[in-house]
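Have a look at the structure below, then the notes.
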Amino acid sequence: PFEHLMDFQKGPAVVKNLAHLLKEAGFPVAPDEDLPCLWYKGVGRERLEHYYNKKYEFDDYIPGYTAPQKQAMLAFLKNMTDEFSADSGLVAVLQDYYNSIRDDMPIDTPWTNKTASE
């Protein structure tokens, strides 16, 4: 997932896995020892530092959800993890999202239009 690509530890491994898939499919790829450098140059220092500091691509937007929306997302991810339990790669990604939502998602209050006429 995108979050792994933007991670200093996981990003080079993502590129390495993609390179191996491409190589198995017959495409020419760079040598393994060049892949971390290609990852760094491809993503770019500024984007990596920004994402590392903010955890989002954007400066002016941090999504928030209501508590029921958060619980619905967690339930959905749990169901998907159970349904695809045989796919360890997908389960790992779903679990990362589950943990991130559970631990880091800001909770907003539900919006009401107080200016609307009744």
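Would you check which residues across region 5-31 are under 23 Å from residue 93 (Cβ atoms) and of a type outside the set (A, V, I, L, M, F, W, C) and list them? Scanning region 5-31 gives 7, 9, 10, 11, 12, 16, 17, 20, 23, 24. The conditions of being open to solvent by less than 80 Å² (accessible area, probe 1.4 Å), at pLDDT 80 or above and not in a loop (DSSP other than H, G, I, E, B) are met by residue 92. Being open to solvent by less than 80 Å² (accessible area, probe 1.4 Å), in a helix (DSSP H, G or I) and in contact with a helix residue (DSSP H, G or I) (Cβ under 9 Å, 6 or more places away or on another chain) is the filter here; which residues of region 98-107 pass it? Across region 98-107, the qualifying residues are 98, 100, 101.
Just one residue in the set 26, 44 is under 30 Å from residue 101 (Cβ atoms) and surrounded by fewer than 12 Cβ atoms within 10 Å (Cβ to Cβ); that residue is 44.
Residue-by-condition table, conditions (1) touching a Cys at 6+ places or on another chain (Cβ under 7 Å); (2) part of a helix (DSSP H, G or I); (3) modelled with pLDDT of 90 or more:
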position	(1), (2), (3)
22	no, yes, yes
56	no, no, no
59	no, no, no
69	no, yes, yes
73	no, yes, yes
81	no, yes, yes
85	no, no, yes
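Residue 37 fulfils the conditions (1) out of contact with any helix residue (DSSP H, G or I) (no Cβ under 8 Å at 6 or more places or on another chain); (2) not in a helix (DSSP H, G or I) except for a single criterion, (2).
The values are calculated or read from the model by the stated rules, or taken from the named source; none is laboratory data. Note that the coordinates shown come from a computational prediction; the quantities given were computed from them, not determined experimentally. When we count neighbours, we look across all protein chains shown, and the Cβ atoms used for this are built from the backbone with ideal geometry, even at glycine. Just so you know, the surface numbers come from the protein's heavy atoms only, side chains and all, with ligands and any DNA or RNA stripped out. Shrake-Rupley method; radii C 1.70, N 1.55, O 1.52, S 1.80 Å.
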